[in-house]
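So the structure is just underneath, and the comments pick up after that.
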Amino acid sequence: MAEDAAPPIEQMAVVLTENSADKLLPFATLVSGAIAMGLRVDVFASYWGLEAFRAPSASAPPTVSPGHGEAGARLETRLREKNAPNWKTILEMARSLGELHIYACSQSMDILGLSPSDLDPIVEGVTGVATFVDRTRAANVTYFI
Amino acid sequence: MSETENATASVPPDEARRMVVDARGSWCPGPLMELVRVIQEEPVGTEFELLSSDEGSRRDVPLWLEKAKHQLIEVRAESGFDRYVIRKTH
């Protein structure tokens with residue numbers, strides 16, 4: 001019977017190009033919400049988004065992107081005072097609860113002069129854009145952050 | 001130190017199948033993630049008391065339970081947080 005059939009797996013695709021707390025925290029929050037709701041999530045880390053996964057910076061204290069003046073400084077203080085969860089800890093929890101795949105953009109690897117050993121182990125491999133697009137061509141939800 | 005890691009789960013000794021998941025202070029979607037984790041780990045029939053001070057949980061938790069087909073027995077507003085009583089049904 002139709003209602004007994006397993007529902008199709010839904011998928012969320014995220015292209016991450018930023019490397020500041022005000023992007024990484026919403027990114028990690030969005031990913032974990034999608035994992036909680038049972039979606040498979042595929043992330044393509046590109047440019048500053050790839051920098052975010054460089055091994056030491058992945059656990060650095062939150063830094064807000066420039067251009068927000070006093071509000072940016074206030075947010076940094078609030079995040080520290082409120083003991084905000086580290087964005088990568090949120091991602092790791094999400095990955096332990098569902099299907100989360102994070103790929104490094106191969107062009108960014110070349111431009112930034114990175115090798116896979118420079119990256120946090122949560123990144124599962126280096127991928128060309130065509131492969132990422134192919135993996136996510138049926139995604140129900142897509143974000144560019 | 002992450003807020004999510006601060007969430008603790010404990011089993012009262014005289015009521016082995018009721019588990020308190022204290023996710024107060026954890027930010028959205030931390031309490032929901034804690035619930036998803038304990039429901040994956042514990043046996044069918046277990047009841048959970050999820051404590052959350054996150055406003056988003058008020059919609060997120062019932063929505064998730066409906067999708068995941070587990071039972072929401074009760075939601076009780078306490079001072080500064082909500083208590084969700086949940087049963088793992090399958």
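Rule-based calculations on the coordinates, nothing more; no lab input. What you see is a predicted model; the values in this text were computed from it and never measured. Note that each Cβ is placed from the backbone with ideal geometry, even for glycine, and that neighbours are counted across all protein chains shown.
Does the protein assembly as shown come out rounded, prolate or oblate by the C-alpha gyration tensor, with a ≥ b ≥ c the root eigenvalues, rounded set by a/c under 1.5 and, if not, prolate when a/b is larger than b/c and oblate if not?
oblate
Which aspartates and glutamates, if any, have their Cα less than 15 Å from the Cα of B:LYS69, not counting same-chain residues under 8 positions apart?
Correct list for B:LYS69: A:GLU3, A:ASP4, B:GLU47, B:ASP60.
Could you grab the relative contact order for chain A? Cα pairs under 8 Å, six or more apart, rounded to a whole percent.
Values: 219 pairs, mean separation 52.2, N = 145.
Contact order relative to length: 36 percent.
Specify the inter-centroid distance of segment A:63-116 and segment B:59-86, based on alpha-carbon positions, in whole Å.
Comparing the Cα centres of segment A:63-116 and segment B:59-86, I get a distance of 30 Å.
Please get the size of the charge dipole for the protein assembly as shown, origin at its Cα centre, with Cβ charges of +1 on Lys and Arg and -1 on Asp and Glu, quoted in debye to the nearest 20.
Numbers: 23 positive and 34 negative charges, 38 e Å.
Using only the charged Cβ atoms, the result is roughly 180 debye.
With a 10 Å Cβ neighbour count serving as the proxy for reagent exposure, in which order, fewest first, do B:THR46, A:THR127, A:THR142 appear?
A:THR142, B:THR46, A:THR127
Are there any GluC sites (Glu not before Pro) in segment B:38-90 that are in a DSSP loop and have at most 10 other Cβ atoms within 10 Å? List them by number.
Answer in residue order: B:GLU55.
Report the net charge of residues surrounding A:LEU75, where surrounding means a beta-carbon distance below 14 angstrom and charges are Lys +1, Arg +1, Asp -1, Glu -1.
On the way: positive: A:LYS23, A:ARG74, A:ARG78, A:ARG80, A:LYS82; negative: A:ASP22, A:GLU70, A:GLU76, A:GLU81.
Around A:LEU75, the surrounding residues sum to +1.
For the pair B:GLN40 and A:PHE144, what calculated FRET efficiency results from E = 1/(1 + (r/R0)^6), where r is the Cβ-Cβ distance and R0 = 25 Å, to the nearest 0.05?
0.25
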